[in-house]
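Worksheet: the structure to be examined is printed underneath.
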Amino acid sequence: MSFINYGQREINCKIVYYGPGLCGKTTNLQWIYQRTAPEAKGKMISLATEQDRTLFFDFLPLSLGEIRGFKTRFHLYTVPGQVFYDASRKLILKGVDGVVFVADSQIGRVEANMESLENLQGNLAEQGYVLEKLPFVVQYNKRDLPDIAPVEELRELLNPTHNPDYEAVASKGVGVFDTLKAVAKSVLTELRRGAGA
Amino acid sequence: MNVVMYEDELNQIQVVVDKLVRDANARVVCIVDKNGQLIAASGETENLDTTSLASLIAGTIAAMGGMAKLLKENEFPTQFHEGVKANIHIQLVGNRVILAVIFDSRATLGLVRLRVKRASDELNTIFEALAKRIPSGTGVEPFAEITDEDIDNLFND
């Protein structure tokens, strides 16, 4: 649900990074924060536990420049990945415009990825969204680790509808901006489609 | 479904928040939508990260809403947090937007509550009018004109 402000000529969109615990959602945002020019970003807020696990959300506002005289701003959020924080995840999905699913490529995490994706679908459905109709991008993270599942296998399980997907090593920035650009593009394209309809 | 804000309504909202800053002796007044977008702010905002503040205010309202649901309550529409130098009063207005007032020892909670009540009524009227305007308004037509090139250009740095 984009927020279009004609008074200030701004479009604000909300993108949520979803995925199982320790898959690298916060790492994605940290990399974006580190590599974005100061004038294009706000402060990154992390509501985390003392052990640096996300407790409620991370938040990073980005300004991408202007389209047709409208400033485009993207608010990036992560959800807490750990299973028991489901109530918080539901809250963060409110008003979402686009979702990035960060998958952990390690073979041992295949089930956790699938569980998290099902959880995403369920939580979206509760709020009347259908994942297939939302701008959606999948990131296969941690491609530098040993014992990882082949991308083809992950794609079949996590992205059967062939949304844009990227291999990534978020800790080194690989694939991070590709993922962000893909979801931002998809959100803006959806906005155009909605406007034309 | 997008949230659309027009210049007329934005100006009316700004008048209400400017007045609330004065009437309540507040430091800052913010209007935030429930998804965390800042709609308007007034007062001593120069050195305040209002964007982050807006997302956190929406986060607390969302968390309290979640708690209310678990307790079979409809909402907890009002929150007050007292600090050493600053206090914050957060009010859900018409279940649509959030009105946050940050104040210090120049104001009292009683005064803030009184002024917030009046401002909430005014805001409710504005947002009701806005909600009715959307279906008949011009919608988001400027974006129908966006080209692939416009979108690509955002990323050409």
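The values are calculated or read from the model by the stated rules, or taken from the named source; none is laboratory data. Computed from a predicted structure; not experimentally measured. Virtual Cβ from ideal backbone geometry, glycine too; neighbours counted across all protein chains shown.
Remarks
- Taken over region A:81-93, the residue count meeting the criterion of being over 15 Å from the mean Cα position of the chain (by Cα) and more than 7 Å from chain B (Cβ to nearest Cβ) is 6.
- Reported count of residues in region A:24-49, each being under 13 Å from A:Val176 (Cβ atoms) and either free of Cβ contacts under 8 Å to residues at least 60 places away in the same chain or away from chain B (no Cβ under 14 Å) (or both), is 11.
- The number of residues in region B:52-75 that are among the hydroxyl-bearing types (Ser, Thr, Tyr) and over 14 Å from A:Ile92 (Cα atoms) comes to 1.
- Residues of region A:7-54 satisfying the condition of being under 15 Å from the mean Cα position of the chain (by Cα), in a helix (DSSP H, G or I) and either closer than 18 Å to B:Gly59 by Cβ or not β-branched (Val, Ile, Thr) (or both): A:Lys25, A:Thr26, A:Asn28, A:Leu29, A:Gln30, A:Trp31, A:Tyr33
- Checked against the criteria, B:Phe80 counts as outside any loop (DSSP other than H, G, I, E, B), under 24 Å from A:Ser88 (Cβ atoms) and away from chain A (no Cβ under 11 Å).
- Test: residue in region B:105-118 that is in a strand (DSSP E or B), modelled with pLDDT of 95 or more and under 20 Å from the mean Cα position of the chain (by Cα): no
- Residues within region A:57-80 that are aliphatic (A, V, I, L, M) and more than 10 Å from chain B (Cβ to nearest Cβ), tallied: 3
- Verdict on A:Thr54 being hydroxyl-bearing (Ser, Thr, Tyr) and more than 9 Å from chain B (Cβ to nearest Cβ): yes
- Looking across region A:172-189 at every residue that is in contact with a Ser or Thr (Cβ under 9 Å, 6 or more places away or on another chain) and more than 13 Å from A:Tyr140 (Cα to Cα), the one that is modelled with the lowest pLDDT is identified as A:Leu188.
- Qualifying residue in region B:59-66 (condition: in contact with a helix residue (DSSP H, G or I) (Cβ under 8 Å, 6 or more places away or on another chain) and either within 22 Å of A:Phe74 (Cβ to Cβ) or modelled with pLDDT of 95 or more (or both)): yes
- Residue match in region B:2-25 (condition: acidic (Asp, Glu) and away from chain A (no Cβ under 14 Å)): yes
- Within region B:41-53, the set of residues being outside any loop (DSSP other than H, G, I, E, B) and facing chain A (nearest Cβ under 9 Å) comprises B:Thr51, B:Ser52.
- Test: residue in region A:49-66 that is of a type in the set (Ser, Thr, Tyr), out of contact with any Leu (no Cβ under 7 Å at 6 or more places or on another chain) and farther than 24 Å from A:Lys142 by Cβ: yes
- B:Ala100 within 28 Å of A:Ile11 (Cα to Cα) and part of a strand (DSSP E or B): yes
- Filtered residue count, region A:4-23, keeping only those that are more than 14 Å from A:Leu60 (Cβ to Cβ) and either among the small types (Gly, Ala, Ser) or more than 13 Å from chain B (Cβ to nearest Cβ) (or both): 7
- Qualifying positions in region B:10-24 - surrounded by 16 or more Cβ atoms within 10 Å (Cβ to Cβ) and either closer than 14 Å to B:Arg115 by Cα or aliphatic (A, V, I, L, M) (or both): B:Leu10, B:Ile13, B:Val16, B:Val17, B:Lys19, B:Leu20, B:Val21, B:Asp23, B:Ala24
- Residue check, A:Val96 of a type outside the set (Ser, Thr, Tyr), closer than 20 Å to B:Asn35 by Cβ and at the interface with another protein chain (Cβ under 10 Å from one of its Cβ atoms): yes
- Checking B:Leu56, B:Leu38 one by one, the residue that is within 14 Å of chain A (Cβ to nearest Cβ), over 21 Å from B:Leu111 (Cα atoms) and crowded, with 20+ Cβ neighbours inside 10 Å is B:Leu38 and no other.
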